[in-house]
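Quick notes on the structure that follows.
The values are calculated or read from the model by the stated rules, or taken from the named source; none is laboratory data. This is a predicted model, so every value here is computed, not measured. Glycine also receives a Cβ, built like all others from the backbone with ideal geometry; neighbour counts cover every protein chain displayed. Surface accessibility is based on the protein's heavy atoms, side chains included, excluding ligands, DNA and RNA. Shrake-Rupley method; radii C 1.70, N 1.55, O 1.52, S 1.80 Å.
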Amino acid sequence: MSDELQFDDAAPQSTDETLSPHCASCERELRDTYFLANGAMICSECHTLLAAEAPGGSGAARFARALGFGALGGAIGAGIYFGILKLSGYEVGLVAIVVGFLVGGGVRLGAGGRGGWLYQALAVAITYGSIVATYVPFIVDEIDAMIAQEAAALTTDAEAPRVTILQDESLWLDGNPITTDQLRAELAAVSATAPAVLYYRERMDSEPPPVAEEVASAIEELGLERTNFTDPEFEEPLLLLDGMTGADVGSQLLMGGMLLFFAAASPFAGLPENLIGLAIIGFALYQAWSMNRREKLEIEGPLELADG
């Protein structure tokens with residue numbers, strides 16, 4: 001169906017010849033016969049287009065516009081939600097309904113008012129994604145707090161080996177130079193009692209040299225945990241986003257996927273205490289869904305202008 005073929009709540013035009021009736025879609029003058037689409041007078045050509053596309057289907061361009069406008073609405077809604085939270089310190093769950101309205105309206109606008117289950121599903125997915133995306137910064141903060149807490153406990157443990165790799169590819173263990181074979185033997189000797197390996201490499205954001213790959217392989221083979229630090233004094237642990245920045249693409253996708261999974265599951269994690277919040281999200285999803293229902297199309301005709 002053409003994006004311009006919109007007939008919601010349209011009233012039929014007069015068939016009085018002195019008013020020169022025109023097609024409600026293409027605005028061409030009607031001659032001899034016409035059709036009524038939800039009460040709006042249309043010409044035979046527009047009726048053919050409408051009838052051909054009315055049963056279903058969706059153009060790729062229309063869907064792309066619906067996705068783009070819906071995502072824009074979701075971004076605006078999520079920004080409002082997060083802004084209120086940051087400014088007030090309170091989580092206003094009712095803003096989720098605003099997100100549903102903005103996304104639902106955006107999808108319907110982009111789809112040219114087409115509606116249908118495909119656009120309803122799209123609106124629901126974008127709405128839920130936009131709402132739970134606001135949880136990601138708090139999940140990151142919680143993970144960083146856990147990393148910092150574990151790192152603080154490890155740095156006070158005298159048995160935790162401290163591995164340092166400098167930019168010149170020299171390898172150090174507890175402040176003493178060492179070879180990779182010696183390091184492997186030393187780690188094997190303490191693996192039964194050491195909880196983890198404290199690890200620092202200069203230029204962590206650069207491609208790891210062969211010695212770093214050998215050390216990582218040795219730590220993994222021995223089943224040891226590795227806690228990365230950003231300084232050779234082992235005071236500042238490498239936090240989540242910093243670690244993602246320096247990681248390879250595969251690791252970034254994995255960590256990003258885990259964050260999205262935790263965010264998507266967050267509304268259910270607080271049950272039953274979060275029952276009201278989950279109900280508000282459900283209402284927001286229903287809002288986005290209902291705004292993109294397919295309107296029932298009723299076509300009458302062909303009708304003779306002379307019969308009006």
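Report, by residue number, each residue of region 255-271 that is of a type outside the set (A, V, I, L, M, F, W, C) and more than 21 Å from V95 (Cα to Cα). Within region 255-271, G256, G257 qualify.
Restricting attention to region 46-75, and to residues there that are at pLDDT 80 or above and surrounded by fewer than 16 Cβ atoms within 10 Å (Cβ to Cβ), which single residue is nearest to the chain's Cα centre (by Cα)? The qualifying residue nearest to the chain's Cα centre (by Cα) is G68. If you go through region 123-138 and keep only what is open to solvent by less than 20 Å² (accessible area, probe 1.4 Å) and of a type in the set (V, I, T), you end up with T127, I131, V132, T134.
Scanning region 260-308 for residues that are part of a loop (DSSP other than H, G, I, E, B), open to solvent by 80 Å² or more (accessible area, probe 1.4 Å) and either of a type in the set (A, V, I, L, M, F, W, C) or within 19 Å of A123 (Cα to Cα) (or both) turns up R293, R294, E295. Just the residues that are at pLDDT below 50 and hydrophobic (A, V, I, L, M, F, W, C), please, taken from region 8-40. Hits for region 8-40 are A10, A11. In this entry, C43 passes the filter for residues that are modelled with pLDDT of 85 or more and out of contact with any Ser or Thr (no Cβ under 7 Å at 6 or more places or on another chain).
Only residues that are open to solvent by less than 30 Å² (accessible area, probe 1.4 Å) and closer than 17 Å to D144 by Cα were counted across region 222-239, and they come to 5.
Tell me, please, whether a residue that is in a loop (DSSP other than H, G, I, E, B), under 29 Å from the mean Cα position of the chain (by Cα) and not aliphatic (A, V, I, L, M) can be found in region 219-242. No; the residues of region 219-242 include none that is in a loop (DSSP other than H, G, I, E, B), under 29 Å from the mean Cα position of the chain (by Cα) and not aliphatic (A, V, I, L, M). Given the conditions (1) open to solvent by less than 30 Å² (accessible area, probe 1.4 Å); (2) under 27 Å from N274 (Cα atoms); (3) touching a Ser or Thr at 6+ places or on another chain (Cβ under 7 Å), and given that A151 satisfies all but one, which numbered condition is not satisfied? Every listed condition holds for A151 apart from (2).
State which residue is nearest to E236 (Cα to Cα) when the search covers only region 174-224 and only residues that are in contact with a helix residue (DSSP H, G or I) (Cβ under 6 Å, 6 or more places away or on another chain) and of a type in the set (D, E, K, R). Step by step, filter region 174-224, then rank; the result is R201.
All of (1) open to solvent by less than 90 Å² (accessible area, probe 1.4 Å); (2) within 22 Å of A152 (Cα to Cα) hold for A247 with one exception: (2).
Of the residues making up region 109-122, those that are open to solvent by 50 Å² or more (accessible area, probe 1.4 Å) and farther than 14 Å from Y286 by Cα are L109, L118.
Taking the numbered list (1) touching a residue at least 12 places away in the same chain (Cβ under 8 Å); (2) farther than 18 Å from F229 by Cα; (3) part of a helix (DSSP H, G or I) in turn, A125 passes all entries but (1). Note on region 188-208: residues that are part of a helix (DSSP H, G or I) and either exposed (fewer than 14 other Cβ atoms within 10 Å of the Cβ) or modelled with pLDDT of 90 or more (or both) total 2.
Answer with yes or no whether V211 is at pLDDT 90 or above and either over 35 Å from the mean Cα position of the chain (by Cα) or surrounded by fewer than 19 Cβ atoms within 10 Å (Cβ to Cβ) (or both). It is true that V211 is at pLDDT 90 or above and either over 35 Å from the mean Cα position of the chain (by Cα) or surrounded by fewer than 19 Cβ atoms within 10 Å (Cβ to Cβ) (or both).
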